[in-house]
1. Is there a residue being over 21 Å from A156 (Cβ atoms) and in contact (Cβ under 8 Å) with a residue 40 or more places away in the chain anywhere in the range 91-100?
2. Can you work out which of the residues in the range 10-47 that are aromatic (F, W, Y) and not in a helix (DSSP H, G or I) is farthest from the chain's Cα centre (by Cα)?
3. Filter the range 72-89 down to the residues that are touching a residue at least 40 places away in the same chain (Cβ under 8 Å) and not in a helix (DSSP H, G or I), then identify the one that is nearest to F55 (Cα to Cα).
4. If you check I110, I153, which single one turns out to be of a type in the set (V, I, T), under 25 Å from P72 (Cα atoms), in a helix (DSSP H, G or I) and at pLDDT 95 or above?
5. Every residue in the range 117-133 that is within 25 Å of L26 (Cα to Cα) and more than 18 Å from the chain's Cα centre (by Cα), please.
6. Cβ contacts < 7 Å: first residue under 16 Å from Y102 (Cβ atoms), restricted to the range 27-45; second residue part of a helix (DSSP H, G or I) and of a type in the set (D, E, K, R), any location; separation 6+ or different chain. Result?
Amino acid sequence: MFGLTRGAGTDMQLLGELERTRDETLRYCSLGQWDLEKTYAPGKWSVRFVLHHIFDSETVLFDRICRVLSEPRPVLWVFNPDDWADGLDYAHRPLDLSARVYQSARNAVIHYAGRYYLEKGHLEWVHSVTGVRTLKDEFDKVASHNEHHLDQIRLALKQP
């Protein structure tokens with residue numbers, strides 16, 4: 001799709017995970033309405049809501065990465081996913097709109113991970129709840145967060 005920067009600052013396994021989770025996540029956008037409304041457990045978000053959450057989280061995580069690369073030891077605030085789901089109207093927001101934003105943000109994350117994971121991964125920032133973290137931590141979180149929610153989607157799709 002896009003040419004990836006794979007230089008001295010690259011963690012190849014991480015880049016592979018970022019690409020794999022991106023591709024799998026985007027495939028779920030083509031699900032039918034019935035599957036998009038399935039949940040992985042009673043009272044939990046639907047597949048549609050989980051996808052929107054993945055997409056919005058990607059923009060938050062990308063913003064953090066940009067700030068860590070650009071600002072000295074920034075303090076960055078937690079966000080409440082339930083507030084975002086309500087405020088951004090996940091029930092009615094077009095999935096393809098969210099998917100395009102996600103894809104762009106993920107491709108940028110892949111680019112920066114390829115350039116800076118090892119070279120600048122030591123850069124620190126402060127999370128408003130969890131405290132001091134590093135750029136490496138945030139790159140790793142992008143992949144693990146996405147995978148966690150893909151597990152929920154896979155489980156939901158197994159439901160009758």
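The values are calculated or read from the model by the stated rules, or taken from the named source; none is laboratory data. Note that the coordinates shown come from a computational prediction; the quantities given were computed from them, not determined experimentally. All Cβ positions, even for glycine, are placed from backbone atoms using ideal geometry, and neighbour counts span all protein chains on display.
1. Scanning the range 91-100, I find no residue that is over 21 Å from A156 (Cβ atoms) and in contact (Cβ under 8 Å) with a residue 40 or more places away in the chain, so the answer is no.
2. Once the filter is applied, the top-ranked residue is Y40.
3. That would be V78.
4. Only one candidate qualifies: I110.
5. none
6. C29/D96; L36/R48
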